[in-house]
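Before any comments, here is the structure.
Each reported figure results from applying straightforward, stated rules to the coordinates on display, with no laboratory input. Please read all numbers here as calculations on a predicted model, not as lab measurements. When we count neighbours, we look across all protein chains shown, and the Cβ atoms used for this are built from the backbone with ideal geometry, even at glycine.
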Amino acid sequence: MWKYWQRIMASLALFNALLLCLLLQNLLADAKVVVLLSAPHTADVRTYTNVARELSSYGHETYVCVPQFLLDSNLVNTDGVKVIPYGQYLNNFDSFFFQTVLDRFWRGENIWVRDYVSLIQSMQAIVRQILTDQNLITTLRTIKPDLFILTNGPFFRNIVTLPYMLNISFAYLGSFNDLPGQRVPFSPSSTACPGYPEFKEEGMGFYGRLATSLCNVVVTFLDHYFMDDKMVAELAPNSPKASVSEISRMAKVYIIESEPILDYAKPEMPYMKLIGSTALTKPADLMPPLKSFIDNSEKGVALVSSANIPAPIAKKMMLAFQQQNLSVIWRVHFSPANTSRLMTMPWVPQNDILANRKTRLFVSHCGTHSQYDALYHGVPILCLPLYGDQFYNAERAKSKGFGLSANLATISYKQLAKLMSKVADTDKYRNSIERASSLYKMFYKNPSETAAFWIDHVIENGGIYMRSTAQTLPLFKLLTLDIMAFVFLVIAAVILVIVCACVFCFKIARKCLTALVRPKLKKS
């Protein structure tokens with residue numbers, strides 16, 4: 001009897017083992033290899049590592065391409081993700097890319113078209129280096145990705161050549177909401193344009209709508225200057241001939257780190273998924289000496305985050321801080337003497353400090369991720385933009401009542417001190433951003449998980465059902481320029497026929513009149 005039960009138990013164990021093997025086999029069969037390649041910028045790479053960790057929980061094998069300079073400087077948390085290092089030739093991309101623009105800003109000079117043309121050319125050269133990096137390409141061919149996740153930023157647009165040359169599907173993930181490139185029908189006069197920060201969501205007069213329209217038209221038609229179609233033909237000679245724009249519109253889904261609470265409301269299509277910010281993480285407990293500094297502050301603290309700033313600007317900011325009732329935590333890359341009400345650090349746990357209830361003001365250059373940190377924790381912002389989309393970000397924060405903005409290069413220390421006090425002490429700014437924070441937390445609970453969900457969704461189901469006919473159209477057809485040209489020709493033809501008919505009738509009438517009048521003249 002005992003032997004009989006032993007045989008039954010052994011059979012059950014064998015059956016369970018076989019069942020487990022079958023389940024594992026099915027899971028492995030469903031698991032896909034996903035490679036995330038962002039622009040070589042610190043904030044973008046952090047976004048991709050956050051999403052990669054969430055995507056791994058779906059059973060997929062995920063890899064994040066991380067530039068070597070970020071690995072060397074330990075600026076990105078790569079725990080729990082597989083890393084593909086690349087780009088020894090990039091050096092410190094963050095410093096290089098915006099240095100020309102920053103130098104001009106501090107000198108009080110305007111940014112000219114040639115500066116942006118130079119940036120475009122430099123970025124195209126960097127993308128070409130990435131696409132011809134044989135170590136990277138060999139690694140990618142070895143792991144055989146099923147899907148690429150790429151950045152859809154204008155300066156990094158040509159990277160879409162990579163999945164095309166390897167014949168692999170791709171999706172987009174990033175903060176850039178490119179309505180014309182995504183083939184989204186929109187009104188140019190009532191849709192915010194990054195090149196025109198003075199857009200007002202509550203409505204504008206004729207000249208404001210005219211400026212917004214012109215900005216959107218210029219951005220739409222200049223977009224092709226960011227694209228290098230020759231690069232596609234050169235690096236993907238065996239693939240069907242296609243432009244960068246055409247390849248970009250093959251994306252399975254556009255996952256966009258935006259929403260209408262911080263940003264302005266814009267038209268959407270089913271293939272666009274607005275998820276909020278993936279950079280937000282759960283705040284950690286503050287450690288000494290930060291904790292004791294904040295706890296000992298009587299009136300609360302202001303967190304000031306600044307880039308590499310010139311000495312005169314730093315001196316001006318120091319004078320402004322001395323006039324504050326608030327204690328100040330200043331992230332800055334040099335170390336003036338700390339006092340009982342000023343603490344300077346080369347790096348600060350920004351998210352953790354903003355989460356503290358005694359933080360009353362955030363002074364920032366207003367990058368997208370920093371704005372989301374302030375929004376999430378309901379801290380009013382004083383924006384001091386320097387370059388790029390920071391001016392647009394600053395104006396939208398001001399427009400929505402989250403704070404104020406100023407030009408750090410030209411403002412005096414007294415004006416800066418006054419603005420800091422105004423934003424920190426005026427209830428309307430805190431009330432506005434706290435109300436927006438509640439809405440954001442209600443609708444965007446875990447953006448990284450949402451991004452992972454949609455990536456997994458298009459892996460399993462594809463994205464054909466979300467696509468629009470507009471995505472197959474060239475720009476002139478999307479804008480119905482051919483229809484308008486036809487209507488114009490028809491109207492012109494009708495007008496021409498009417499004019500010709502009038503001329504013909506006039507001539508006939510003239511002849512008839514002449515025929516009637518001439519005999520009477522002869523008799524007289």
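Some points to look at:
- Label-to-label distance for Tyr207 and Gln129 is 4.5 nm, based on points extended 7 Å past Cα in the beta-carbon direction.
- Looking at the range 326-373, the trypsin sites (Lys or Arg not before Pro) that sit in a DSSP loop and have at most 16 other Cβ atoms within 10 Å of their own Cβ are Arg357, Lys358.
- Amide H contacts for Ser306 (H built 1.01 Å from N in the peptide plane; partners 5 or more residues away or on another chain; cut-off under 5 Å): Arg331.
- Here the simple spin-label model places points 7 Å from the Cα toward Cβ, and for Asp427 and Lys414 these points are separated by 3.0 nm.
- Net charge in the neighbourhood of Ala452 (other residues with Cβ under 12 Å of its Cβ; Lys, Arg +1, Asp, Glu -1) is -1.
- Computed from backbone phi with θ = phi - 60° and the Karplus coefficients 6.51, -1.76 and 1.60, the 3J(HN,Hα) list for the range 349-366 is x, 3, 4, 5, 5, 5, 6, 6, 5, 8, 7, 10, 8, 10, 9, 8, 6, 6 Hz; x is used for glycine and proline.
- Look at the alpha carbon pairs under 8 Å that are at least 6 residues apart: their mean separation over the length of the range 290-443 gives a relative contact order of 22 percent.
- Taking Cα Rg over 2.2 N^0.38 Å as calculated from this structure, the corresponding entry among (i) 1.27; (ii) 1.04; (iii) 1.19 is (i).
- By the combined test of axial Cα extent (at least 15 Å) and Kyte-Doolittle hydropathy (mean at least 0.0), the qualifying DSSP H helices of the chain come to 2-30, 93-106, 113-131, 206-222, 311-322, 481-523.
- Percentage relative contact order, the chain, counting C-alpha pairs under 8 Å, at least six apart: 13
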